[in-house]
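The structure appears below as structure tokens.
Where a number appears in this text, it was derived from the coordinates with a stated rule and is not lab data. As the structure is a computational prediction, the values presented were derived from the model and not from experiment. Note that each Cβ is placed from the backbone with ideal geometry, even for glycine, and that neighbours are counted across all protein chains shown.
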Amino acid sequence: MHLELTKDQEAFKSSIETFARDVVALRAPAIDKSGEFPSDVVHAAATRGLCGVTIPKAWGGLGRDYVSYALALEAIARASATVAVSLSVTNSLVAELLAHAGTDAQRERWLRRLASGDALGAFALSEPESGTDAANQQTRAVKTADGYRIAGRKVWVANAEEAAIAIVFAATRPGLRGQGITAFLVPMDTPGITRTARPDSLGVRGLGCMDLDFDIEVGDAQVLGPVDQGFALAMWALDGGRIAIAAQALGIGEAAIAEAIAYAKSREQFGKPIASYQAIQWMLADMATEIAAARMLTLKAAAAKDSQEKCRVEAAMAKLAASEAAHKAADKAMQILASAGYKSGSVVERLFRDVRATEIYQGTSEAQRMIIAGRILTE
């Protein structure tokens, strides 16, 4: 597959890199330190179209391809993993799913607001007993005369602190697992939603993660897509979400490599820069090679998202390779910087904490291996 970027993609990438360097990077340390949701930075990103990168222009988005989207998130994540994840949730998991499965009335009400950043989206799938086993939904949606009564608990809902709309998944036919789950569009000001802040996490702090308890009434018009087919919609959204997380991981990995190179060139031991020692050079070479390989898989997956009906395996491979390569890059950067990187408040220390989540959320590395193995064993 030919993956050379077009001039338009290069120009878009360059513009986002400038924004990330001049705006996002300046706020990243404070976001991490305070753990507060970066509303100002997300709003600034929205003014550049970064809340609706792939959404058609007819619905207020930029109408760009998935490769451009991946490049944008990679650039943002190089500056702040938190901002990149927030943008990926509202793009991949909410706006894109609404564009894909929503009615025109639903799109008219929400899609323009999401694409412009006037409204942020949240994706309420995970539950206390339903993480990797996402089909095991305990939240229930019981049919009423003109809608549904939804009751249950969702956990680790990113953007929930600021979100105006959430896509909530609930079992409409309990016991049928993936064949009995329905997706609902739920405004976050709906009476009966209780938000509980999550305790501080190791990294990607400031993501506005909350646990949500639901005891609400919704109308039939709030069903997203076919009744009982919500699990398939969730998996469709996660294909794009995993490509976005792969791009996020690449950005973190690149930032770690940059910190390691700069330090290796300036730090002297035994009378010369440590970059002159083979032990350091080989670590840097491995880091750069593995991130470059992961980028090719990520761009391949992004191109597949544009051109294929399904890209589940490509997305799984991209997320697996990028998250693990970035984790290794951050770990080796910590080793190269030693005490300078290990100290609280260093850039490498933040990257080291942030990168770990890329191997967990939107499907663990083990879940990605299950997807990949399931394909290659049946070919």
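Observations
- Positive-end ranking of I193, V85, F231 along the dipole of the chain, with charges on Cβ about the Cα centre, is headed by V85.
- When each of K13/K328; K272/K328; K143/K305; K33/K319; K272/K332; K13/K300 is checked by Cα-Cα distance, pairs over 23 Å: K13/K328; K272/K328; K143/K305; K33/K319
- Residues with amide H under 5 Å from that of L224, placed H, sequence gap 5 or more: A183, F184, L185
- For segment 231-376, the Kirkwood radius over C-alpha pairs fed into Stokes-Einstein at 37 °C and 0.692 mPa s yields D = 207 µm² per second.
- For segment 94-164, trypsin sites (Lys or Arg not before Pro) meeting the loop criterion (DSSP other than H, G, I, E, B) and having at most 13 other Cβ atoms within 10 Å: none.
- √(5λ) per eigenvalue of the Cα gyration tensor, segment 7-120, largest first, Å: 24, 17, 10
- Relative contact order (%) - segment 231-376, alpha-carbon pairs under 8 angstrom, separation at least six: 33
- Set of aspartates and glutamates near K7 by C-alpha distance (under 14 Å), chain-local residues within fewer than 8 positions excluded: D65
- Protection proxy ranking, highest mean first, for peptides 36-44, 172-180: 36-44, 172-180, where packing is the per-residue count of other beta-carbon atoms within 10 Å, averaged.
- 3J(HN,Hα) along segment 114-125, derived from phi through the Karplus expression 6.51 cos²θ - 1.76 cosθ + 1.60 where θ = phi - 60°, amounts to 5, 5, 7, x, 5, 10, 9, x, 10, 10, 9, 10 Hz, with x in place of Gly and Pro.
- Note on the chain: with charges restricted to the Cβ of Lys and Arg (+1) and Asp and Glu (-1), its dipole about the Cα centre is near 440 debye.
- Whole-Hz couplings from phi, Karplus 6.51/-1.76/1.60, listed for segment 128-138; x for Gly and Pro: x, 10, 9, x, 4, 8, 5, 6, 8, 6, 9
- Considering segment 132-262, its Cα convex hull presents a mean projected area of 9.1 nm².
- Calculated over segment 82-187: convex hull of Cα atoms, volume per residue (Å³): 108
- For segment 241-291, averaging the sequence separation of C-alpha pairs within contact (under 8 Å, six or more residues apart) and dividing by the residue count gives a relative contact order of 33 percent.
- From its DSSP helices (H runs of at least four residues, each -39,500 (n - 2.57)), the chain gives a residue-normalised ellipticity at 222 nm of -15500 deg cm²/dmol.
- Partners of K310 within straight-line reach, counting aspartates and glutamates whose Cα lies under 14 Å from its Cα and excluding those fewer than 8 residues away in the same chain: D239.
- Restricting the calculation to alpha carbons of the chain gives Rg and Dmax of 20.7, 80 angstrom.
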